[in-house]
Amino acid sequence: MHHYRLVLGAIPDALRPVVALDGLEDAYAGRVEPCWTAFAGPVRRYLAAKTFGSWLAYQGYGLRTIVFSLAVALSTLKVNAAIECAKRASPLDRETLTAGIRKTDEMLLHLASREQLARALSGVEARPGARVDATFSPDVR
């Protein structure tokens, strides 16, 4: 959830969604993860669209920043999918994944300050050996 918090940090206070993050690991493990591979195609297409429509590519921060932005988008999608599944008390399905994608795009494209998010993401350029990970874990760095 480190990446999700990074995105939240780039959203101005007045626009930042209020989200209870407690219990999301359980919601992810029980409701999202068992169904995740069934949605590999739509998730890959979503990430492909994020790659080719990336505004970061035009801001010149570097290739690592673009790759890291995809890991952040994937992590944020996983958290948003877990939030939707927890709200609905149901396992991941097409409807909850779609809602998660919409919320992820809202956060990344409409709520977050592009400049602040780009600065936060571009920190990976200074760490050439940094591992880019999109797992659902509070320990992701």
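Quick note: the coordinates plus some simple rules give every number you see, no bench work behind them. Computed from a predicted model, the values in this text were never measured in an experiment. Cβ atoms come from the backbone with ideal geometry, glycine included; neighbour counts cover every protein chain shown.
Could you list 105, 22, 93 so that the one with the fewest beta carbons within 10 Å of its beta carbon is first and the one with the most is last? Working shown, then result.
Values: 105 18, 22 8, 93 15.
Ascending number of Cβ neighbours within 10 Å: 22, 93, 105.
Using a 10 Å cut-off on Cβ atoms, rank the peptides 50-56, 78-84, 9-15 from the highest mean neighbour count down. Kindly include the intermediate steps, with their values, before the conclusion.
Values: 50-56: 14.6, 78-84: 26.4, 9-15: 12.1.
Top of the packing list down: 78-84, 50-56, 9-15.
So if I place +1 on the C-beta of Lys and Arg and -1 on the C-beta of Asp and Glu, and nothing else carries charge, what would the dipole magnitude of segment 1-131 be about its Cα centre? I want it in debye, nearest 20.
Computed about the Cα centre, the dipole is about 320 debye.
Output the DSSP H helices from the chain with an along-axis C-alpha extent of no less than 20 Å and a mean Kyte-Doolittle hydropathy no less than -1.0. Write down the numbers at each step before the final one.
On the way: long enough: 63-88 (38 Å, 0.93).
In the chain, the long hydrophobic H runs are 63-88.
For segment 1-106, what's the relative contact order in percent, using C-alpha pairs closer than 8 Å and at least 6 residues apart?
Values: 77 pairs, mean separation 40.3, N = 106.
Computed over segment 1-106, the figure is 38 percent.
Tell me which of 38, 57, 81 sits at the most positive position along the dipole axis of segment 10-110, charges placed on C-beta atoms (Lys, Arg +1; Asp, Glu -1).
Value computed over the given set: 57.
Using only alpha-carbon positions, what ratio does the radius of gyration of segment 1-131 give when scaled by 2.2 N^0.38 Å? Provide the component values of the computation, followed by the final result.
Numbers: Rg = 14.6 Å, N = 131, 2.2 N^0.38 = 14.0 Å.
Compared with the compact-globule rule of thumb, segment 1-131 sits at 1.04.
Compare the peptides 24-33, 106-115 by average per-residue count of other Cβ atoms within 10 angstrom and give them in order, highest first.
On the way: 24-33: 18.2, 106-115: 16.0.
The most tightly packed comes first, giving 24-33, 106-115.
Tell me the net charge near residue 57. Cut-off is 13 Å between Cβ atoms, residue 57 excluded, with +1 for each Lys or Arg and -1 for each Asp or Glu.
Details: positive: 50, 64, 114; negative: none.
Spelling it out: positives minus negatives among the neighbours equals +3.
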